[in-house]
1. Looking at region 190-200, can you tell me whether even one residue there is over 30 Å from ALA19 (Cα atoms) and not acidic (Asp, Glu)?
2. Need the failing condition index for VAL372 against (1) within 19 Å of ILE152 (Cα to Cα); (2) in contact with a strand residue (DSSP E or B) (Cβ under 7 Å, 6 or more places away or on another chain), just the number.
3. In the list GLU138, GLU134, which residue meets the criterion of being at pLDDT 95 or above and assigned to a helix (DSSP H, G or I)?
4. Pairs needed: first member in region 355-372, without any contact (Cβ under 8 Å) to a residue 60 or more places away in the chain; second member anywhere, in a helix (DSSP H, G or I); C-beta distance under 7 Å; at least 6 residues apart or different chains.
5. Just to be sure before I move on: is ALA336 in contact (Cβ under 8 Å) with a residue 12 or more places away in the chain, within 24 Å of VAL127 (Cβ to Cβ) and touching a Pro at 6+ places or on another chain (Cβ under 6 Å) in the structure I sent?
6. Between GLU302, GLU229, GLU251, GLU224, which is farther than 21 Å from SER154 by Cα, crowded, with 17+ Cβ neighbours inside 10 Å and more than 22 Å from the chain's Cα centre (by Cα)?
7. Take region 203-225 and flag every residue that is assigned to a loop (DSSP other than H, G, I, E, B), among the hydrophobic types (A, V, I, L, M, F, W, C) and more than 11 Å from the ligand (Cβ to nearest atom).
8. Within region 67-93, restricting attention to residues that are of a type outside the set (D, E, K, R) and touching a helix residue (DSSP H, G or I) at 6+ places or on another chain (Cβ under 6 Å), which residue is farthest from GLY209 (Cα to Cα)?
Amino acid sequence: MIYADNAATTQMSKAAISAMLNCMEETWGNPSSLYGLGQRAKEILEDARERIAACIGASPKEITFTSGGSEADNQAIRSAALLGAQKGKRHIISTAFEHHAVLHTLKKLEGEGFEVELLPVGELGTVTAQQVSEAIREDTALVTIMYANNEIGSVLPISEIGPVCRERGVLFHTDAVQAAGHLPIDVKAQNIDMLSLSAHKFHGPKGIGVLYARRGISLTNLIEGGAQERGKRAGTENVPAIVGMAAALEEACAHMEENAAKVSALRDRLIAGLSWIPHAALNGDPVNRLPGNVNFCFEGIEGESLLLLLDDRGICASSGSACTSGSLDPSHVLLAIGRPHEVAHGSLRLSLCGENTEADVEEILRAVLEIVGYLRNMSPLWKDKVSGKKEFVL
Ligand SMILES: *Cc1c(COP(=O)(O)O)cnc(C)c1O
């Protein structure tokens, strides 16, 4: 099997599994309990918090554990919205190609009287600090812009957007789920007020994530109950998952540069090979791009058919985001970068990690070239285009 869907989830690292097993076997107490077993769990919980904070340049008190990236996004945005509303600020700036955890939360807030402005992301799938600066108003409560896009891999200029927001006194949140463990993050240097990350995107376990919120930003609870996480997120802490996340993040950050160099070389080989296919186009920013992300549109085919035939050959890939697959709507991300519906349906995302090899890349290239040719030969639409009855889009 060739696994090339690391943007959907990653295989857990050995370090993360062994940290979790050890915790489940030895330190399974409730961190809120006062006897030794509980207090040892509390110690490893706080140790994990310190190690995770260190990986992103935060202090441990600024780290809240959540059930994953989606919850962190929801809580960050809801908290900033409430803080804004208390001062009469109800304008929120974001982009058209955020993850649904962000977009659907913003949609809800619109129903609650907030005004949401989604910045266009252009053909490359990015926004500039100047666009953000021009959009900020007196009544802007929050700017929430992702660090890197999960479908097309564009890396956004967060280090430039952060200072603009700070200078104008507007809270800045970034969904860094695709960036954490893959790209350097320093919340202080980058002027990030709030940041979401999720362990299962960097070889940690599923169902655990982090909301970083700068000291002084008061969070709104999504879950009420006990006093865990300084009263901001009730529920007994998932200590095994938290220590697994800490182990995975530390490992990813320790090998970030060498891993990025290796993975981006594989990515570039894939992009070069797929570029030979006629009437195909790379999606996303060719330069400012996640090390592992490859995303193409192939005219005249259905992405779903391509995925099924790749699966027959043991290749795991995606047509976009895992959250959209199963629905017939084309990806909102591809529409946001201006791909027409017809072409957006023929997309393929391959997301690589350090475990992939050059042999994997060669095998993927062979398979995609053959399958795209096969599907096109069967497509009446493709025949119309080849014969000149219909225009090519790409
Ligand atoms: C995966 C992902 C999420 C959701 O994270 P979960 O931990 O699966 O809830 C949010 N944002 C982006 C950009 C993602 O890639």
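The values are calculated or read from the model by the stated rules, or taken from the named source; none is laboratory data. In this text the structure is predicted, and so the values were computed from the model without any measurement. We place every Cβ from the backbone using ideal geometry, glycine too, and count neighbours over all the protein chains shown.
1. yes
2. (1)
3. GLU134
4. Close Cβ pairs (under 7 Å, with a partner that is in a helix (DSSP H, G or I)) amount to ALA367/LEU310.
5. No.
6. Going through GLU302, GLU229, GLU251, GLU224 in turn, just one is farther than 21 Å from SER154 by Cα, crowded, with 17+ Cβ neighbours inside 10 Å and more than 22 Å from the chain's Cα centre (by Cα): GLU229.
7. Scanning region 203-225 gives ILE217, LEU219, LEU222, ILE223.
8. Only one residue fits best here, namely ILE93.
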